[in-house]
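The next block holds one structure in the form of structure tokens; read it before the comments.
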Amino acid sequence: MSAIDIVCVTESHFNDDLELAEINIPGFNAYTSNRNFKLDRTTSRCKVSEGGGSVIYVHESIQVVQGSHNSSLDSASVTIQTDVGKIELGCLYRSASLNECQNTEFLDYFASKISLPTDDDKEKLIMGDFNCPDISWLSGNVAGPMDTNSKSLLLQQNVLETVHNSGFSWLITDEVTRRRKVSGSIQESTIDQVFCSDDSLVSEFEIGPPLGKSDHMSLIINLNLFRPKKEHSIDIDDVKRCWSKISTDELLKESYKTNWEFSKNTEIMNVEEMWGEIHGKLSSISELIPPVKPCEPGKIDNYNMPWINSSLRRAMRAKNKAWQDFDEIGSIEMLDVALSKQITGPL
């Protein structure tokens, strides 16, 4: 594990009877959330259901400023200090056997975890096993009718709606995260996911083989947590603007203060001159309002432009996937699908 700094595990099956030495990994600190509640399918003779639980292992070289857990929801989280600010890492597990009350509690907790951070110097990365096999992360919808009465589909619609409302993006689209054998057949599904408040947190990720006896694939994520410190003042080209954390009140305040009148009579101005003045005023406001973070010189183009929101990103993924399928198959049906995915209007 020499190349790994943080390990997040769901369904740890840890319990309060275990000694710390039994789950210790040398060089790492463990932040656990052991299950202390009962599932509906558990017999009345058992107070606490077996299984479940989450644990986050953090290398001792990384400063943890806060650790928390919710043992009634199989979830743990830590906040670490890095060169670019604080990063909250959440490891969540939603059992498919939760009852209606427990699912409601989980959704509330999940919504709190993927709410955009109010601290300008903090980002979030929330991951785990959500047991939502009917969500298509490629298209951003749930398979099945919208007016369904299925409790499972309704729950998955609530999970997806929570994500849409959060402004977070996700990493996994059509990759398989669980592969198991059921009744002699191979069953593949995507039930694990990673959500982030800022796309620039993740430089790359890959799906790895399962660990131990698990039927879940492992996710290997490289994070941009450490940047070289700069000894000179930050130049405007060396920052990225955190548009998701913009203050609406400050934006309106600066807009009201701006003189939007043109400097000359519009009858003698052409379109380029008008746009030049408007663009200049908009640029002046944009330099004042959004919080900024330093980034490496020349890397500013790696960050998404402010108009790249979650809806547009999902549409782009769906379009690219459709054209890739057409390139491989080449049928007229796949061409129709690809053309239908073209972005032609507001999202």
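The values are calculated or read from the model by the stated rules, or taken from the named source; none is laboratory data. Worth saying up front: this structure is predicted, and the values here are computed from it rather than measured. Virtual Cβ from ideal backbone geometry, glycine too; neighbours counted across all protein chains shown. Accessible surface areas use protein heavy atoms only, side chains included; no ligands, DNA or RNA. Shrake-Rupley method; radii C 1.70, N 1.55, O 1.52, S 1.80 Å.
Would you tell me the accessible area of TRP323, worked out with a 1.4 angstrom probe on the heavy atoms of the protein chains, in Å² to the nearest 10?
Looks like 70 Å² after rounding.
Could you order the peptides 263-276, 95-108 from most to least packed, using the average number of other C-beta atoms within 10 Å per residue?
Numbers: 263-276: 9.6, 95-108: 15.5.
Packing proxy ranking, top to bottom: 95-108, 263-276.
Does the stretch 139-183 come out rounded, prolate or oblate, given a ≥ b ≥ c as the square roots of the eigenvalues of its C-alpha gyration tensor, rounded meaning a/c under 1.5 and, failing that, prolate meaning a/b above b/c? Each step should come with its number before you reach the end.
On the way: a/c = 2.40, a/b = 1.13, b/c = 2.12.
Verdict is oblate for the stretch 139-183.
Which entries in the list LYS122/LYS257; LYS124/LYS253; LYS181/LYS213 go over 19 Å, if you measure between the two C-alpha atoms of each?
Details: LYS122/LYS257 30 Å; LYS124/LYS253 29 Å; LYS181/LYS213 13 Å.
Long pairs (Cα-Cα over 19 Å): LYS122/LYS257; LYS124/LYS253.
Fully extended, how many nm does the chain gain between ASP327 and ASN24 (0.36 nm per residue separation, minus their Cα-Cα distance)? Spell out each step's value before the answer.
Working: separation 303, 0.36 × 303 = 109.08 nm, distance 4.92 nm.
Going from the current span to full extension adds 104.2 nm.
What accessible area per residue comes out for the stretch 49-110, rounded to a whole number of Å², with a 1.4 Å probe? The partial results should precede the final answer.
Working: 2240 Å² over 62 residues.
Heavy-atom SASA per residue in the stretch 49-110 reads 36 Å².
Using 7 Å Cα-to-Cβ label points, what is the ASP147/VAL182 separation (nm, one decimal)?
2.8 nm
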